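Step one of this worksheet: look at the structure below.
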Amino acid sequence: MLLVSVIMPAYNTEKYIKKAIQSVLEQTFSNWELLVIDDGSPDNLAEIVKKYENRDSRIRLIQQLNQGVSVARNRGIEEAQGKYISFLDSDDYYLATFLE
């Protein structure tokens with residue numbers, strides 16, 4: 001089965017990121033990896049993502065200094081292992097069959 005890399009740039013979205021991550025966890029297609037690129041967020045975003053990372057090996061937190069969303073997306077592309085790439089903003093969410 002092919003791997004899909006979900007790239008999620010994140011900055012200052014601790015209020016929304018749980019819903020975004022949960023929407024990936026609830027996908028009907030399960031062969032994915034989620035790369036959350038913390039773009040130097042000053043809030044508790046990294047701590048929230050680390051909890052998910054500890055529970056599910058498909059989730060990876062990548063931290064960098066704030067360089068903007070385009071640089072964060074490109075970093076995710078560089079780190080991605082999947083054949084396919086999908087983007088998800090950290091204040092948005094997927095419907096359950098999106099990756100399928």
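The values are calculated or read from the model by the stated rules, or taken from the named source; none is laboratory data. Bear in mind that the values here come from a model prediction, so they are computed numbers and not experimental data. Accessible surface areas use protein heavy atoms only, side chains included; no ligands, DNA or RNA. Shrake-Rupley method; radii C 1.70, N 1.55, O 1.52, S 1.80 Å.
Near the amide H of GLU33, within less than 5 Å, lie the amide hydrogens of VAL4, SER5, VAL6, all on another chain or at least 5 residues away, with H placed in the peptide plane. Relative to the longest principal axis of the Cα atoms of the chain, the long axis of helix 45-55 lies at roughly 30 degrees. Entry comment: accessible area of segment 1-75 is 52 Å² per residue, from protein heavy atoms only and a probe of 1.4 Å. For the chain, the number of Lys pairs separated by eight or more positions or lying on different chains, with C-alpha atoms closer than 17 Å, is 6.
Could you estimate the translational diffusion coefficient of the chain from the Stokes-Einstein equation, with Rh from the Kirkwood formula over C-alpha pairs, at 20 °C and 1.002 mPa s, in whole µm²/s?
163 µm²/s
Counting only alpha carbon atoms, the long axis of helix 69-79 and the longest principal axis of the chain meet at about 50°.
In the elastic network of the chain, a GNM with C-alpha springs shorter than 10 Å, the most mobile of ASP56, ASP89, ASP38 is ASP56.
Carbon and sulfur atoms: what percent of the 1.4 Å accessible area of the chain do they account for?
On the way: 2690 of 5750 Å².
On the chain, the fraction of accessible area on carbon and sulfur atoms equals 47 percent.
Put LEU35, LEU2, LEU95, LEU25 in order of accessible area, largest first, 1.4 Å probe: what do you get?
Details: LEU35 0, LEU2 85, LEU95 125, LEU25 50 Å².
Heavy-atom accessible area, descending, gives LEU95, LEU2, LEU25, LEU35.
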